[in-house]
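Structure first, commentary second.
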Amino acid sequence: MPVPGACRAVGAPREESTQITVQGFTVSGIPANHQHAMSQSNAQSILPGVVDVPVSLPGASPSRPSRGKITERIDAITRIPVEFRSPAPPVPRSVKIELTARCDFNCFFCATAKRLRDKADIDPAFYQRIVREMRDQGVEELGLFYLGESMLCPWLPEAIRYAKQDCGYPYVFLTTNGRLATPDRVRECMAAGLDSLKFSFNNADPEQFHEVTRVKASDFHTVVDNIKAARQVRDEGAFACGLYASSIRYDGEQLVRMERAVQEILPFVDEHYWLPLYGQAGLTAGANGTRPVAGNPGRLDAMREPIPCWSVFTEGHITFDGRLSACCFDHDGRFNMGDLTQQPFIDAWHSAVFQDLRAAHLNGDVCGTVCQGCIAYQS
């Protein structure tokens, strides 16, 4: 808990659901029925061996081959084990690396559209060096995305193949908005060894899709078709890749609309889960009248407290230009903890500035740090 007078977590109230109408739909904060999940997550942050058991969703097929639950992997990262609650924690199990900072969507709730830092692609030579270096140091899970849309990277399959076959990562994963995830593209990625493909599916119909993403409405059907085709590609090729989807959870009429849309894709994915609305380190808080949850508490059914923030302790984030970031929403570059083009990963992971930031989180007071400007930490 924050010390008296410290910057404290704020956002959507935890006592009841907050509803705000946004472009024809109602966005919620933290629903009251998730208070128990929050209390469970607090206990799990102290007991790292405890694993959340996700609620089974309608449409799930018990006959599908078991590829593991993506929710269990997510919860393992957002839970901070005792041994990681240190200014200089061990090498993270998971790292996300930005193949490109470009994105083909301009969603109002994502700060990527603000272009607060350069938007370009990673240098392949740097990618190969840092990916091999991190594997040698013990990183096990590699996400080939960060804040951009990796389907825009022309050599994405080669990046997957290098991580899996040349470096031996046990788990390589990818999140996409789905518009460019064509059957041929997905087939290339799965054949290269991709372990997990997750679709961010956040709109109920073509009209809302256009309002939120600012791309043509008909592409809503393209996304849905690509999700369905990905399942066919996997089954026909007998690929081991898991297929998943996540959606921002809404209340009222929009909740019903979104659940109907989810029902259409549910038979084609191994697991679907809900996310709250994030404020993206304060950069999109209040956009279009919305009020996000505090910080990044993870998925909706296993919410974590915003301080200490798991992102500072359990997962690395690398920008296309080689910066190690302390934040999963570093759209403006203020969370730079080290230059990986000039120093080894472990040196940046244990840099003095990073250790000072973690100490502030462990003390429950992030005033005066780069995290102070986040919507989660206003006093």
With Ser247, Ser325, Ser311 as the choices, which residue is surrounded by fewer than 22 Cβ atoms within 10 Å (Cβ to Cβ) and at pLDDT 80 or above? Ser247
Could you run through segment 103-126 and say how many residues are open to solvent by 40 Å² or more (accessible area, probe 1.4 Å), part of a loop (DSSP other than H, G, I, E, B) and modelled with pLDDT of 95 or more? 1
Restricting attention to segment 362-375, report how many residues are in contact with a helix residue (DSSP H, G or I) (Cβ under 8 Å, 6 or more places away or on another chain) and either at pLDDT 95 or above or polar (S, T, N, Q) (or both). 1
Taking Thr100, is it at pLDDT 80 or above, open to solvent by less than 40 Å² (accessible area, probe 1.4 Å), more than 19 Å from Asp339 (Cα to Cα) and not small (Gly, Ala, Ser)? no
Flagged in segment 223-241 as open to solvent by less than 50 Å² (accessible area, probe 1.4 Å) and part of a helix (DSSP H, G or I), in numbering order, are Val223, Val224, Asn226, Ile227, Ala229, Ala230, Arg231, Val233, Arg234, Gly237
Criterion violated by Gln208 - all others in (1) polar (S, T, N, Q); (2) open to solvent by less than 20 Å² (accessible area, probe 1.4 Å); (3) closer than 30 Å to Tyr162 by Cα; (4) not in a strand (DSSP E or B) satisfied: (3)
Scan segment 359-368 and give yes if some residue there is closer than 21 Å to Asp123 by Cα and either surrounded by fewer than 18 Cβ atoms within 10 Å (Cβ to Cβ) or not hydroxyl-bearing (Ser, Thr, Tyr) (or both), otherwise no. no
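Is it the case that segment 345-358 has a residue that's small (Gly, Ala, Ser), open to solvent by less than 10 Å² (accessible area, probe 1.4 Å) and under 18 Å from Val139 (Cβ atoms)? Can you show your working first?
Of the residues in segment 345-358, the ones small (Gly, Ala, Ser) are 348, 351-352.
In the following step, the residues that additionally are open to solvent by less than 10 Å² (accessible area, probe 1.4 Å) were identified as 348.
Within this subset, residues satisfying the condition of being under 18 Å from Val139 (Cβ atoms) are 348.
Looking through segment 345-358, at least one residue is small (Gly, Ala, Ser), open to solvent by less than 10 Å² (accessible area, probe 1.4 Å) and under 18 Å from Val139 (Cβ atoms).
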How many residues are open to solvent by 20 Å² or more (accessible area, probe 1.4 Å) and either assigned to a strand (DSSP E or B) or among the hydroxyl-bearing types (Ser, Thr, Tyr) (or both) when one looks only at segment 147-192? 5
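I'd like the full set of residues that are part of a helix (DSSP H, G or I) and open to solvent by 20 Å² or more (accessible area, probe 1.4 Å), limited to segment 127-146.
Matches in segment 127-146: Gln128, Arg129, Arg132, Glu133, Arg135, Asp136.
The values are calculated or read from the model by the stated rules, or taken from the named source; none is laboratory data. All values derive from a computational prediction rather than experimental measurement. Using ideal geometry, Cβ is built from the backbone for each residue, glycine included, and neighbour counts are taken over all protein chains shown. For accessibility, only protein heavy atoms count, side chains too; no ligands or nucleic acids. Shrake-Rupley method; radii C 1.70, N 1.55, O 1.52, S 1.80 Å.
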